[in-house]
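Taking it in order: structure first as structure tokens, then the write-up.
The values are calculated or read from the model by the stated rules, or taken from the named source; none is laboratory data. As the structure is a computational prediction, the values presented were derived from the model and not from experiment. All Cβ positions, even for glycine, are placed from backbone atoms using ideal geometry, and neighbour counts span all protein chains on display. Just the protein is used for accessible areas: all its heavy atoms, side chains included, with ligands, DNA and RNA removed. Shrake-Rupley method; radii C 1.70, N 1.55, O 1.52, S 1.80 Å.
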Amino acid sequence: MKTKIVFVAMLALFTAGQAQASGRGHKKNKVEMCHKGNTIMVSGHSAEKHLRHGDSIGSCAMCDPLIDSDGTVVICKDGETKHMKPNKACREVAKGKVEFGFCDESDSVGSDDSDGGSDSDGSDDSTDDGSDDDDDDSNAFVDTDADGVYDSADACPNTVSGDPADASGCSCTQRGDCDADGDGVFDQDDLCPNTVGDPVDASGCSCTQRGDCDADGDGVYDQDDACPSTPTGDIVYADGCTVVTISAFAGPDMSALPGDTVNVVGQGSVLTGGYDSANLVYTWEQVGGTPVWFQFSSPPLAVDMTGSGATATFMLTVSTADGSATATDQFTINVNTAAIIVASANCDPVTGHCYALAKLPNGANDNLPWDDAKAKANNMYFNGMRGHLATVTSIEERRDIAGTARNAVAFLAGTDRVTEGVWMWADGPEAGQPIQYLPWALNEPSNSYNWRWPEGEDYLVHEARGENDGPGSGWYYVEFEAGW
């Protein structure tokens with residue numbers, strides 16, 4: 001009771017002093033105290049209770065220690081770092097028993113006696129009566145499982161030693177969200193706990209762990225894939241290598257004349273599989289039409305159309321050397337059996353055009369129509385060049401025609417039957433173009449009518465004296481040129 005008497009005496013003195021200073025009665029006297037870091041004014045009766053619970057007389061400014069976030073003060077007593085409540089720490093420092101701050105930076109928080117001493121029974125006292133005894137400790141700073149969180153705030157008090165804990169004192173094991181390999185799947189659900197960096201499925205396994213990786217997406221797992229970099233979309237064999245695919249192109253269908261020798265160049269291409277196209281094998285065979293003589297060397301084909309029928313169809317087969325890949329294509333040669341082959345013609349060495357004079361079967365000079373002459377001319381060939389009714393576009397061409405047959409009266413390709421008086425070329429490459437060069441004979445064109453040709457003279461006729469318009473003729477000039 002010694003301590004308590006001293007406190008009462010101090011309270012009485014302090015109260016009396018305040019009474020004298022204020023000049024008021026004892027019942028209304030107030031005492032200034034420091035309560036939990038705040039300066040308050042209480043009655044004398046209440047002041048005694050505050051003293052018993054650790055508050056101190058006077059303003060808090062009388063002792064202003066650095067208070068931690070948990071409401072305690074770090075002090076050093078007898079070389080040991082401890083935590084105390086602020087008011088008691090102020091009293092102890094005033095008595096010279098402790099100092100504010102850590103004794104040593106290596107100190108750690110252990111059990112904390114509020115009176116600066118240790119309990120003999122190893123437990124923390126729950127009361128703080130402000131006296132120097134062994135029963136006024138607080139358990140606010142005990143960390144039983146040593147996880148860095150005091151028991152008073154520890155939601156998981158039995159954390160296994162060494163497990164990292166969060167602010168609530170719980171480890172991932174206690175929360176159930178441990179993910180040792182960092183793959184996003186909690187350990188308790190992870191069937192493959194040692195995944196390293198690879199994408200995983202819902203069970204925590206990567207394709208490497210499952211054994212079903214397919215880096216090139218060809219449908220063959222990597223461990224079985226002999227060709228691991230197959231291009232996207234390629235069809236592959238069971239070993240993961242691209243199936244060799246090839247194509248064949250025999251050539252477009254073509255026309256030929258009896259007696260022609262047709263040369264065809266087929267093509268084969270490697271589409272996938274990386275096969276060397278130089279090793280492709282070519283084979284030709286006739287698969288339709290009248291049999292003809294032909295020969296080939298890989299890949300050109302030469303066909304002699306002498307004595308052939310209307311058509312001859314050939315197939316080109318392209319294959320790899322081992323025959324594992326094959327492609328075929330066909331083309332047809334259409335033989336113009338009605339073609340008229342001209343044996344000789346008058347050719348211009350500059351233009352390459354050749355000219356011939358032809359006669360309509362059983363025709364007199366003026367009794368066969370222009371359209372028959374045009375059809376015959378279009379079916380004539382000289383040295384592989386197709387013919388058409390001659391178009392005279394310059395004086396040089398007129399001389400070429402004159403050199404063929406100077407005195408002949410024969411059809412040319414011109415006509416004004418669409419619009420009278422408007423002369424146009426109607427055959428050959430110039431068909432549809434107006435006639436620019438037209439050396440008419442005297443008094444021509446006359447467009448004369450008679451009972452035989454009531455429609456008039458609508459067709460261009462070449463004469464030695466100049467061009468003339470006429471209704472018909474038994475002769476016609478044919479012009480041969482390449483590309484027509």
Fill in: Average Cα contact separation per residue, the range 205-329, under 8 Å, 6 or more apart, as relative contact order %
22 percent
Worksheet item: Counting pairs of alpha carbon atoms under 8 Å apart in space and at least six apart in sequence, what relative contact order in percent does the range 364-484 give?
Response: 37 percent
Worksheet item: How many nm is it between the label spots at residue 346 and residue 283, if each spot is 7 Å from the Cα in line with the beta carbon?
Response: 5.5 nm
Worksheet entry | Over 26 Å between alpha carbons, listed pairs 30/97; 49/88; 30/77 | 30/97; 30/77
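So which chymotrypsin sites (Phe, Trp or Tyr not before Pro) in the range 374-419 end up in coil per DSSP with only 16 or fewer other C-beta atoms within 10 Å? Numbers along the way, then the final one.
Working: sites: 381, 382, 411; in loops: none.
Qualifying residues, ordered by number: none.
Taking K and R as +1 and D and E as -1, what net charge do the other residues with C-beta under 11 Å from the C-beta of residue 348 add up to? List each step's numbers first, then the result.
Values: positive: 399; negative: 396, 397, 400, 479, 481.
Neighbour charge sum, excluding residue 348 itself: -4.
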Worksheet, complete the sentence: Log entry: pair-distance distribution for the range 202-357, C-alpha pairs binned every 5 Å from zero, whole % per bin is 2, 8, 13, 11, 10, 10, 9, 8, 7, 6, 5, 3, 3, 2, 1, 1, 1, 0, 0
Practice prompt. Kindly report the accessible area of the range 135-258 per residue (heavy atoms of protein chains, probe 1.4 Å, no ligands, DNA or RNA), in Å².
Written response: 56 Å²
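So for the range 368-476, what percent of the C-alpha to C-alpha distances run longer than 24 Å? Spell out each step's value before the answer.
Values: 1013 of 5886 pairs.
Summing the P(r) tail past 24 Å for the range 368-476 gives 17 percent.
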Discussion item. List the residues, sorted by chain then number, that are 5 or more residues from residue 340 or on another chain and whose placed amide H is less than 5 Å from its amide H.
Written reply: 380, 381
